[in-house]
1. Applying 1/(1 + (r/R0)^6) with R0 = 30 Å to the Cβ-Cβ distance of THR327 and SER280, what FRET efficiency is obtained, to the nearest 0.05?
2. Subtracting the Cα-Cα distance from 0.36 nm times the residue separation, let me have the gained length for ASP397 to CYS373 in nm, one decimal.
3. Taking a 27 Å limit on the Cα-Cα distance, which of the listed pairs LYS51/LYS405; LYS68/LYS117; LYS138/LYS399; LYS68/LYS138 fall beyond it?
4. Residues of the stretch 348-377 with backbone nitrogen within less than 14 Å of a virtual label 7 Å along the Cα-to-Cβ line of GLU305, please, listed as ranges.
5. Under 1.5 on a/c is rounded, so check that first for the stretch 51-291, then, if it is not, pick prolate when a/b is larger than b/c and oblate when it is not; a ≥ b ≥ c are the square roots of the alpha carbon gyration tensor eigenvalues.
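Laboratory data are not the source of any read-out in this text; all were calculated from the coordinates shown. The shown structure was predicted, so the numbers you read here are calculated from the model rather than taken from an experiment. Here Cβ is always computed from backbone atoms with ideal geometry, including for glycine, and neighbour counts include all displayed protein chains.
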Amino acid sequence: MKQYSAVTFLCRFTFALIVAVGAISLSSCHDDSDEPEPVVPDEPDTVSRQKTLFMYYPWSTNLTDAFKTNIEDMEEAISSRGLDNERVVVFISTSSSEAEMFEITCKDGKCTRTELKTYENPSFTTVAGLTGIFNDMKSFAPADVYSMIIGCHGMGWVPVESQSKAMRLSPAFVPHYNADNGYAMTRYFGGTTSNYQTDISTLADALNAAGLDMEFILFDDCYMSSVEVAYDLRHVTDHIIACPTEIMAYGMPYAMIGSSLLGEPDYQSIAQGFYDFYSSYVYPYGTLGITDCSQIDALAEIMKEINSRYKFDASQLDGLQRMDGYTPVLFFDLGDYVEHLCPDEALLAEFKARLARAVPYAVHTEQYYSAYCGVVDIHVYSGITTSEPSENSMAADVKNTNWYKATH
């Protein structure tokens, strides 16, 4: 396992120290009527902020059973930990035309589901439709802080139109073979057809329209730890938790990491729990990157400097760390790409430093699995991908991404 650790600021220690100093000052005051009354500072607000975790599962075509397991695993974590100023709301499509929203509550270690709303033909591929769902969630579970889990299929930054075009042009293109064909299943963002797939820009616009700034978005989908995705979402979430490769259909191990997603997120424990689970899973393949979106602009700045000086030599393409099973490769490891792009040691060192701050937690097993080509070795790993050098037809729109525009 390779892991980058961020510096942890001891905020609670500082708070405790302030309280302790205040207590000492108060206890040492003299009872002297000639002296003015001591000024007693206001007591710090010790009331925890209300938080809502929104588990969002749009229609996937073939992952509904896996989603139900994910929800049950989260309930297992909640039963063990309990809920303290936290609410957990779930939206799940039960068919291609029906969905429901319910809340998970917990009392005496037992979880209960309370139905909040049912939906007929919900729209989750448009800004208006998604905004409506988000506003429903907010009205049922208002909070000071929101975080979100998105479980489905996924294709990183690639626009829905590019995916559907690729399928039309290539009849043999079959996204994510299933176990019936002799392959283990994996998952991504949306359904297996374009009418159930959501563009990242649509998600960002809907979060903005609903007035939501997420503490984190966890993509329980394939290929979503992408620098192009992170750049688009940097203003609507503080952190992104996602996989740079495909993830097995089982998804995130919520029974292990669920408690770290509630309350104050423990990103290091989330990454470690993911690694511990998948390193011993029946399919021992897993990759995860956790992105600090506050560092993405600084990363774009140094990337622009590198691009202004150097142009990638396409003859090195085969030497890059691939992070998918497509032919040609669609997703490459970002760190490895820049390593091949930039010969200036000082500039490269600065890029690596900024990348480590942008992706402070990155874990992986020795190999990843793709439903397209099987098991692939990991030689270099930064926890996040880019499609910039790709020659795949689905990457034709990469120059239209906001990340590309910001870095060229």
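1. 0.45
2. Here the segment from ASP397 to CYS373 would lengthen by 6.2 nm.
3. Listed pairs above 27 Å: LYS51/LYS405; LYS138/LYS399.
4. 348-355
5. rounded
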